[in-house]
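Chemist: Just passing along the structure, written as structure tokens.
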């Protein structure tokens, strides 16, 4: 999982790449090349979603030890965090791939944190709800995994679904609760982005930049009061996943379970096919040299060869 930090960080490292959009600090040239590749690739995707262009230089520091990482993000940073974005200073700090033990990839880390920075700039450097920040970053980075629905269903069953407004203190959450918070954020944002109007999200941000009033911008563009929309999302999500649980409590449980395994197998095959297709597209966009392949989250990953 990843997290946002909103306070400046004292950082120092060797700068190995710089242009008008990005400064990359790393002791590994190949890692810096890979990072730049992903920054450029996801910059374009995020700008298309938000209908807004990055207007500042983003600095990204790649920490190779825990001491180095926590010296940059601060001692109060949650122990599950592997990346952070200082929004005011357009600065990103991530752990090097060799340090990751959470199943995250360099691609996911870079795209997630870059989404935070660009979203903040697109909102006129104003506050945005934490669920919106995290949900959008997860949507961009493709971090949703099959099986997270079960986590939400279990939370509905136990009465532990978290109201979106309570996610402002996400950094204080632990373990499963933090994972649930990210999952709910993704579901909330995807419900917005899946609407028929692709300009809904960009229009809210555009009006917010001009007025500085998030809640009024939300009401005018979406046609719903923000508080009412959150309550409706919460009740709608609870109802949806209660039905999920009802099916699993019924007599046809084992039939449904068998069908679910078949469905998951098919979805996994489709997902793998889409990933291979995406890799083919990304491969065409690779830098002139091939040093990025050492850390490339795709066809050339060493673990994919075994």
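Chemist: So between residue 67 and residue 174, what do we pick up on full extension, going 0.36 nm a residue minus the alpha carbon distance?
Modeler: Details: separation 107, 0.36 × 107 = 38.52 nm, distance 2.12 nm.
Gain on extension, residue 67 to residue 174, equals 36.4 nm.
Chemist: For the pair residue 144 and residue 166, what calculated FRET efficiency results from E = 1/(1 + (r/R0)^6), where r is the Cβ-Cβ distance and R0 = 22 Å, to the nearest 0.05?
Modeler: Values: r = 21 Å, r/R0 = 0.97.
Result of the calculation: an efficiency of 0.55.
Chemist: Something else now. Stretch residue 239-residue 209 to full length: gain in nm at 0.36 nm per residue minus the Cα-Cα span?
Modeler: 7.3 nm
Chemist: On each of the three principal axes of the Cα atoms of segment 94-139, give max minus min coordinate, whole Å, ordered largest first.
Modeler: 35, 16, 13
Chemist: For the residues 134, 88, what sequence is obtained by ranking on other C-beta atoms within 10 Å, fewest first?
Modeler: Values: 134 28, 88 12.
Lowest to highest Cβ neighbour count: 88, 134.
Chemist: Could you tell me the distance between the Cα centroids of segment 89-152 and segment 164-189, to the nearest Å?
Modeler: 12 Å
FYI, it's all coordinate maths here, none of it is from the lab. Worth saying up front: this structure is predicted, and the values here are computed from it rather than measured. As a convention, Cβ positions derive from the backbone with ideal geometry for all residues, glycine included, and neighbour counts pool all protein chains shown.
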